[in-house]
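The numbers here are math on the coordinates, done by the rules we state, and not lab data. Since we're looking at a predicted model, the values are computed, not measured. Because the Cβ atoms are built from the backbone with ideal geometry, glycine has one as well, and the counts that use them run over all protein chains shown.
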Amino acid sequence: MSLAISITVARQIAGAEAAAAAHNAARPLDENGDPVGPALTAEQYLQDVVEKACESYRDAYAVDRITSSDFIYRFTAAEMASINASTDPVIQGFIAQVRAEAFVWLASNEVAAGMAYAVGEGLLTQARADAILAY
């Protein structure tokens, strides 16, 4: 999924261009006095700004946070039985951690890794993992 936005007000475009220019001018210099990293276009600068804002909104509104029990209930009975029957210490550690926490952040690296491992072990299909992690 992706979103696209357009800015059409000249004053806002000029503001974005000025902000990108200020950002580029403030880049640190290396030992030769050259700016570190590439200069950003206004579009690239705004992309970074919007992504950071959306991350803060994600955290503020907990869009990818559900209770641990709600997470467990997303699995079918057969899937949960397979996970519970697994003797794999990684699977057992993952599910124990899920049960120990009050909430699960669906987009966290730890949850993504646990789900990917379960898919790799044949306990879930990728389609089911994607459905379980959807928010």
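Odds and ends about this structure:
- For region 10-61: rounded, prolate or oblate by the Cα gyration tensor [a/c cutoff 1.5]: oblate
- Three-way shape call for region 85-135 based on the alpha-carbon gyration tensor, with the a/c threshold at 1.5: oblate
- The calculated 222 nm mean residue ellipticity attributable to helices in the chain amounts to -19000 deg cm²/dmol, summing -39500 (n - 2.57) over DSSP H runs of n ≥ 4 and dividing by all residues.
- For region 10-61, the Cβ-based charge dipole about the Cα centre amounts to some 260 debye (Lys, Arg positive; Asp, Glu negative; other atoms uncharged).
- The simple Förster model, with R0 at 30 Å and r as the Cβ-Cβ distance, assigns residue 131 and residue 6 a FRET efficiency of 0.40.
- Annotation: region 50-135 has a Kirkwood hydrodynamic radius of 13.5 angstrom, from the mean reciprocal C-alpha pair distance.
- Distance between the C-alpha centres of region 58-123 and region 18-52: 39 Å, rounded to the whole angstrom.
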